[in-house]
Each structure stands twice: as C-alpha cells, then as structure tokens.
Amino acid sequence: MTYDKLFADALKPLHDEQRYRVFIEIERIAGRCPLATWQSPTGPRTVVLWCSNDYLGMSRHSDVIRAMTETAARTGIGAGGTRNIAGTNSPLVTLERELADLHGKASALVFTSGYVSNQTGISTIARLIPDCLILSDELNHNSMIEGVRQSGVEKKVWRHNDTAALERLLAAEPCRPKLILFESLYSMDGDVAPINRICDLAGRYGAMTYCDEVHAVGMYGARGAGVAARDGAMHRIDVIEGTLAKAFGCLGGYITGSRNLIDAVRSHAAGFIFTTALPPPLCAAATAAIRHLKTSDEERRLQQRHAARLKQVLVAAGLPILPTSTHIVPLMVGDPRLCKQASDLLLSDYGIYIQPINYPTVAKGTERLRITPTPYHDDALIGQLRDALVDVWQRLRLPLANSLVAAE
Ligand code: PLP
C-alpha cells in the first residue's frame, strides 16, 4: 500500500476543478500599511494588500504592539497550560471582562480562535439543551456547521436571511427548545442579517439566539460591538460570538452571554478545557485594540469612507461588484480559472494582491475577488486599483457589469 498516492489522488480533483489553493508568501510592513513584501519568483517585491481581514489595521497600532511587547517582556510568551492548568492569566481575565462589557453581557469566554469558539461553543450549548432543535441559516460559516455536526443535535436549515422560512420552522415545533444560529454580517456577500426580526421571532416562539459577529466586531456600533449593537438588538441576543483576529488585529475567539451559560460552556466544552490558553501578550494586545475601538471612531469612519469610495469608483468603471451596505466589496468573476488568472495578473503585473475566492468558500459559478479596503487605502490607491482592474478585465475579456445586466 503506498499511502502517499492516496494523498496525491486527493489533490487531483482540486487541480481538475481549478480550485487547488496556492498561497502567496507575503510579509506585511507594519509602518507602511497596506503595503507588504511579496516573495515573488524573481525576489522580494513591494505590493499593495487589498484583501486582509485586519480590516482596521489594528494589528500594527502602536497601543496594540506596545501592549503585546510589554506583556511579553513581563510574563513571557506562552500561557503555560490550559485554563485549568496555570493558564488563567491576569491579561486573559482582563480581556474577558473587556469583552463582556463590549457586548453588555454578564460574562465572556475566550477560545483559541473564532473557529473553535463556534465549533465548541455551539456544540456544547446545543448538547446542554435537552431535545434541542437547531435552526441554522444556510450560509452560516463552516465553523458553525461543524459545531452543529459535533453537537449531534437535530438541525433544520432556513433559507439565507429569509425570516418567513425561519418562522415556518419555528412554528412547526412550538413546544420544543430551539436554538437559532446566524451571522450578523456574511463575509463573502457582505450582506447583513435582519437581526431585530430574528429576535422578534425568537421571542414569539421561545427560541434562543446565537449570533456570529466575527466580521462586524470592531467595525460597527458606537463602541465597535458589531451590527447588533448598531441595530439596537445586542441585548436581545442570547449569545454573541466574535473573533479577536479580524478588526481587532490579533488572534482568538470568544462567546459572551449570561453568567450561567458561560459558566456551563466553561465547564463542559472540550475545545475549551483541553487546549492551552491564549498567550498573555496576545490577550493584552487584543484588550488594547478593543479599548481603543471602544472610544475611537476614526478608523471605522475612514474605513467606511474608503469602502464607499471604492464601490463608487468600481461601479463607475463598469466593474461587476455585488452591491453591499458593508465594508466588504465582492467583485464577481464567476469562473474559478479566470478568477485565479485575474488574481495572478493583478499581483505579477500591477503589484496588487487580492486572493481568488473559489468553491467551497463560495458556490460554484460565483467565484470572486473579495476586496477589503482599510482606513489606509486612500484615493490614490483606489484609483490605481481601478485602473489595474479595468486592464485585467479587458485582457481576460471578463464581462463588465452592464454587459451582465444586458445578458440577463
Ligand atoms: N465565523 C465566521 C463567519 C468567519 O468568517 C470565520 C473566519 O474567517 C470564523 C468564524 C472563524 O474565526 P477565526 O478566523 O477567528 O478562527
């Protein structure tokens, strides 16, 4: 038996379907955001990064770097164990207090990533509710789907953001405990959930709500608590889950909720109990980022301005962007091979890095370039991007927005 051949065979369909993932090696330049050094085949080259989820550039904010380095010098790097075995460090306790305050909840629990917080959070919460029925939005992130699967609990999937579909499922099980899972902001299409309507239905049919705010924390609301806060619905949601790795520029994930719920997850979740705690310097850095964004609106304001400007400029150039009301700008290609080619050309010929988004991250036929402007993508960079995209669209004979509309 040649085991290695099995692995080679597993890669073949990915190549055949043009969705084999190629990682580009880059190193971001902290003092020159959004520039990065790309290890190109001919040597290091400076490129403009247009696809980072460090949405506000907080990973290189001076307060955040200072908090991290000062804490590292004081405590060392690693946490030294699971939360139970010496891992409950003061910076982690402070971070959890900060997060509970951010979301107006009694308690918060930090995990090693947003992925783990969903996977282990959802599976634990669902298992602790006898006869629980999970109602899950069809576009929920893989980490939520894995949480559902791991719970072993019955689930029903409702059509994306369709509250009438959700209500039919709720009404069909009036007496059963139900857990509604959704995201506040869907990161591939950049659309937003009808949070208040979902909460209305949860109240009417006696369901619990669990909302993933991973792409919204730091970005929306007066203190950066997310879309639910902006929409005045934060207090209506039972569990808010978020990440420290995107707008907060660090690493780690969390859930916030009532004291009993968080205590129960803390006490039962294998993905929390049996893994080393987040390093204290990282906790201090995340706390600094959260604290900064609680009081500073400047990063959000600039980011929103640049996102609006970028959309305006790309629409005027006839490029087929998906209309969104959020900071995410999806530029549709609709073919995996062309999407990869467009991304490769942008990098090699224009020094612009936007990775292709292909299946299974998005549905086949909806392949795209996902553009995420930061506060540092000014008008000059936006103009440069527009010109490069127009060239690439012509070179690859990709359809413009008006020809797509005309063909419908
Ligand atoms: N939830 C959503 C909606 C995501 O898009 C992601 C990752 O990108 C996660 C959770 C996982 O978060 P993290 O990157 O912190 O593991």
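Things worth noting here:
- Residue within region 222-237 that is more than 15 Å from Leu109 (Cβ to Cβ), open to solvent by 40 Å² or more (accessible area, probe 1.4 Å) and either within 12 Å of the ligand (Cβ to nearest atom) or touching a Cys at 6+ places or on another chain (Cβ under 6 Å) (or both) present: yes
- Residue pairs whose Cβ atoms lie under 7 Å apart, separated by 6 or more positions or on different chains, with the first residue in region 219-246 and on the phi > 0 side of the Ramachandran plot and the second assigned to a loop (DSSP other than H, G, I, E, B) and away from the ligand (no atom under 12 Å from the Cβ), are Gly224/Gly218; Gly226/Tyr220.
- Selection count, region 325-346, where residues are open to solvent by 50 Å² or more (accessible area, probe 1.4 Å), assigned to a helix (DSSP H, G or I) and in contact (Cβ under 8 Å) with a residue 12 or more places away in the chain: 3
- Evaluation of Leu135 against (1) surrounded by fewer than 22 Cβ atoms within 10 Å (Cβ to Cβ); (2) more than 13 Å from the ligand (Cβ to nearest atom); (3) closer than 26 Å to Ser325 by Cα (one fails), failing number: (1)
- Listed by first and then second residue, the pairs with beta-carbon distance under 9 Å, at least 6 apart or on different chains, first residue in region 250-279 and basic (Lys, Arg), second more than 15 Å from the ligand (Cβ to nearest atom) and part of a helix (DSSP H, G or I), are Arg266/Arg83; Arg266/Ile273.
- Scanning region 381-408 for residues that are modelled with pLDDT of 95 or more, aliphatic (A, V, I, L, M) and over 27 Å from the mean Cα position of the chain (by Cα) yields Val390, Val392, Leu396, Leu398.
- Taken over region 171-188, the criterion of being over 12 Å from the mean Cα position of the chain (by Cα) and either within 12 Å of the ligand (Cβ to nearest atom) or among the charged types (D, E, K, R) (or both) is satisfied by Glu173, Arg176, Lys178, Leu181, Phe182.
- Which listed residue is out of contact with any Gly (no Cβ under 7 Å at 6 or more places or on another chain) and either crowded, with 23+ Cβ neighbours inside 10 Å or under 16 Å from Ala286 (Cβ atoms) (or both), from Ile129, Ile65, Ile85, Ile122: Ile65
- Among the numbered conditions (1) within 16 Å of the ligand (Cβ to nearest atom); (2) open to solvent by 10 Å² or more (accessible area, probe 1.4 Å); (3) part of a strand (DSSP E or B), the only one that Lys156 does not meet is (1).
- Of the listed requirements (1) in contact with a Ser or Thr (Cβ under 8 Å, 6 or more places away or on another chain); (2) more than 11 Å from the ligand (Cβ to nearest atom), Ala216 misses just one: (2).
- Which numbered condition Asp189 fails, given (1) without any contact (Cβ under 8 Å) to a residue 40 or more places away in the chain; (2) closer than 22 Å to Val362 by Cα; (3) not in a strand (DSSP E or B): (1)
- Residue match in region 82-100 (condition: free of Cβ contacts under 8 Å to residues at least 40 places away in the same chain and farther than 27 Å from Asn260 by Cα): no
Residues checked against (1) modelled with pLDDT under 95; (2) crowded, with 20+ Cβ neighbours inside 10 Å; (3) part of a loop (DSSP other than H, G, I, E, B):
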{"position": "Lys294", "(1), (2), (3)": "no, no, no"}
{"position": "Gly318", "(1), (2), (3)": "no, no, yes"}
{"position": "Pro323", "(1), (2), (3)": "yes, no, yes"}
{"position": "Ser348", "(1), (2), (3)": "no, no, no"}
{"position": "Leu369", "(1), (2), (3)": "no, yes, no"}
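- Candidate set: region 17-44, residues that are assigned to a strand (DSSP E or B) and out of contact with any helix residue (DSSP H, G or I) (no Cβ under 9 Å at 6 or more places or on another chain); chosen: the one most open to solvent (accessible area, probe 1.4 Å): Glu27
The values are calculated or read from the model by the stated rules, or taken from the named source; none is laboratory data. Just so we're clear, the structure is a prediction, and the values are computed from it rather than from any experiment. Every residue, glycine as well, gets a Cβ built from its backbone with ideal geometry; the counts of neighbours run over all protein chains shown. Just the protein is used for accessible areas: all its heavy atoms, side chains included, with ligands, DNA and RNA removed. Shrake-Rupley method; radii C 1.70, N 1.55, O 1.52, S 1.80 Å.
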